[in-house]
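Engineer: I have a structure here, written as structure tokens, and I will follow up with some questions on it.
The values are calculated or read from the model by the stated rules, or taken from the named source; none is laboratory data. The shown structure was predicted, so the numbers you read here are calculated from the model rather than taken from an experiment. Cβ placement follows ideal geometry from the backbone for every residue including glycine, while neighbour counts extend to all protein chains displayed.
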Amino acid sequence: MISLYFSDIDAVLLVKLIYLYSGILQIMSQTAINPDSFYQLIQSRKSIRQYTPKPVKKEIIQKILEQAAFHAPSGKNRQNWRFYVVQGKKRDEYLQYSQKSWLGIKDILKKTLKPSLYDFTERFFFTLGDAPVIIFAYSQNSAEERHYTSIGSVYMAVQNINLACQVEGLGCCTMGAPLEIKNEVDKFLGVDHNENLELLCAVVIGHPAHDPPKAPRKTEGRITWWE
């Protein structure tokens, strides 16, 4: 016959463990995501280039950055992303820079886009589709990490921004065009003194004013299997 004896300390510890375990189960149930919903979220993402005048609350942008972008993986866990949020008068001032960045890519797009789409894209660069928010994504580079790894870490955070916008009912468009005028953008944001800070892209955000079709995904030749 085996007798079990619990002291008062053991009993308190047991109760704490039960509460802890129930808390873990609750968290697991809350974070469980239906696989179909997950893939639908990813596939529903598309670039938006027309926005309504409705402003985006600062708390939402803060949430997107802190609860989505900041949780991306990063090389050596450096979390080397740096984000600069531009809105209001500062956003309006940037339009002249956006228009200048268009000059660096318009000839290439002239060859690849249909005339109507080319004209639409040109208008977007002159107005940014009236998006009220621009987030500039930078990498704080370091000799401790390879350059491409640092860059990749930031772009993974940017993808999280894209998906979080989708969940929040917002539209966004990731832009590489600011790199055409990188030095001027650095000065515009007051970061030209930091030689380790590298501009990678911008993301405009707002409430969608259109629902464009998503470009078909190309799959041929994109995957190679080795066994």
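Engineer: Out of 109, 170, 117, report the one residue that is within 23 Å of residue 210 (Cβ to Cβ) and without any contact (Cβ under 8 Å) to a residue 12 or more places away in the chain.
Structural biologist: None of the other options fit; the residue is 117.
Engineer: Follow-up question, since we're still on this one. Taking only pairs six or more apart or across chains, which ones have beta-carbon atoms under 7 Å, a first residue in the range 211-226 that is surrounded by 10 or more Cβ atoms within 10 Å (Cβ to Cβ), and a second residue that is assigned to a loop (DSSP other than H, G, I, E, B) and not small (Gly, Ala, Ser)?
Structural biologist: That search, which allows pairs on different chains as well, returns 212/46; 214/46.
Engineer: While we're looking at this one, here's another question. Kindly check whether there is at least one residue in the range 181-204 that is aliphatic (A, V, I, L, M), surrounded by 22 or more Cβ atoms within 10 Å (Cβ to Cβ) and in a loop (DSSP other than H, G, I, E, B).
Structural biologist: Looking for residues that are aliphatic (A, V, I, L, M), surrounded by 22 or more Cβ atoms within 10 Å (Cβ to Cβ) and in a loop (DSSP other than H, G, I, E, B), one finds none in the range 181-204, hence no.
Engineer: Also, I was wondering about something else. Could you tell me which numbered condition residue 214 fails, if it satisfies all but one of (1) within 19 Å of the chain's Cα centre (by Cα); (2) not in a loop (DSSP other than H, G, I, E, B)?
Structural biologist: All conditions pass for residue 214, except number (2).
Engineer: Okay, next question. Would you mention how many residues in the range 43-77 are more than 28 Å from residue 120 (Cβ to Cβ) and polar (S, T, N, Q)?
Structural biologist: Total satisfying the criteria: 4.
Engineer: What are the residue pairs meeting all of these: first residue in the range 52-68, first residue under 22 Å from residue 211 (Cα atoms) and among the charged types (D, E, K, R), second residue crowded, with 17+ Cβ neighbours inside 10 Å and modelled with pLDDT of 95 or more, Cβ atoms under 9 Å, and 6 or more apart or on different chains?
Structural biologist: 54/132; 54/206; 54/207
Quick grid of which residues meet (1) touching a strand residue (DSSP E or B) at 6+ places or on another chain (Cβ under 9 Å); (2) over 25 Å from residue 168 (Cβ atoms); (3) at pLDDT 95 or above:
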residue: 50; (1), (2), (3): yes, no, yes
residue: 66; (1), (2), (3): no, no, yes
residue: 70; (1), (2), (3): yes, no, yes
residue: 75; (1), (2), (3): no, yes, yes
residue: 91; (1), (2), (3): yes, no, yes
residue: 94; (1), (2), (3): yes, no, yes
residue: 117; (1), (2), (3): no, yes, no
residue: 138; (1), (2), (3): yes, no, yes
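Engineer: Right, next: List every residue pair whose Cβ atoms lie under 7 Å apart, where the two residues are 6 or more positions apart in sequence or sit on different chains, the first residue falls within the range 189-204 and is free of Cβ contacts under 8 Å to residues at least 60 places away in the same chain, and the second residue, located anywhere, is among the small types (Gly, Ala, Ser).
Structural biologist: Taking only residues 6 or more apart or on different chains, the pairs are 196/142.
Engineer: Please pick out the residue among 139, 153 that is polar (S, T, N, Q), touching a residue at least 60 places away in the same chain (Cβ under 8 Å), buried (at least 17 other Cβ atoms within 10 Å of the Cβ) and not in a helix (DSSP H, G or I).
Structural biologist: Exactly one of 139, 153 is polar (S, T, N, Q), touching a residue at least 60 places away in the same chain (Cβ under 8 Å), buried (at least 17 other Cβ atoms within 10 Å of the Cβ) and not in a helix (DSSP H, G or I), namely 139.
Residues checked against (1) under 22 Å from the mean Cα position of the chain (by Cα); (2) among the polar types (S, T, N, Q):
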| residue | (1), (2) |
| --- | --- |
| 107 | no, no |
| 117 | no, no |
| 129 | yes, no |
| 132 | yes, no |
| 140 | yes, yes |
| 148 | yes, no |
| 154 | yes, no |
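For every residue, the table says whether it meets (1) surrounded by 15 or more Cβ atoms within 10 Å (Cβ to Cβ); (2) among the charged types (D, E, K, R); (3) outside any loop (DSSP other than H, G, I, E, B).
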site: 86; (1), (2), (3): yes, no, yes
site: 94; (1), (2), (3): yes, no, yes
site: 119; (1), (2), (3): no, yes, yes
site: 125; (1), (2), (3): yes, no, yes
site: 135; (1), (2), (3): yes, no, yes
site: 148; (1), (2), (3): no, no, yes
site: 169; (1), (2), (3): no, no, no
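Engineer: Additional query: Looking only at the range 96-112, count how many residues are exposed (fewer than 15 other Cβ atoms within 10 Å of the Cβ) and assigned to a loop (DSSP other than H, G, I, E, B).
Structural biologist: Residues flagged as exposed (fewer than 15 other Cβ atoms within 10 Å of the Cβ) and assigned to a loop (DSSP other than H, G, I, E, B) within the range 96-112 amount to 2.
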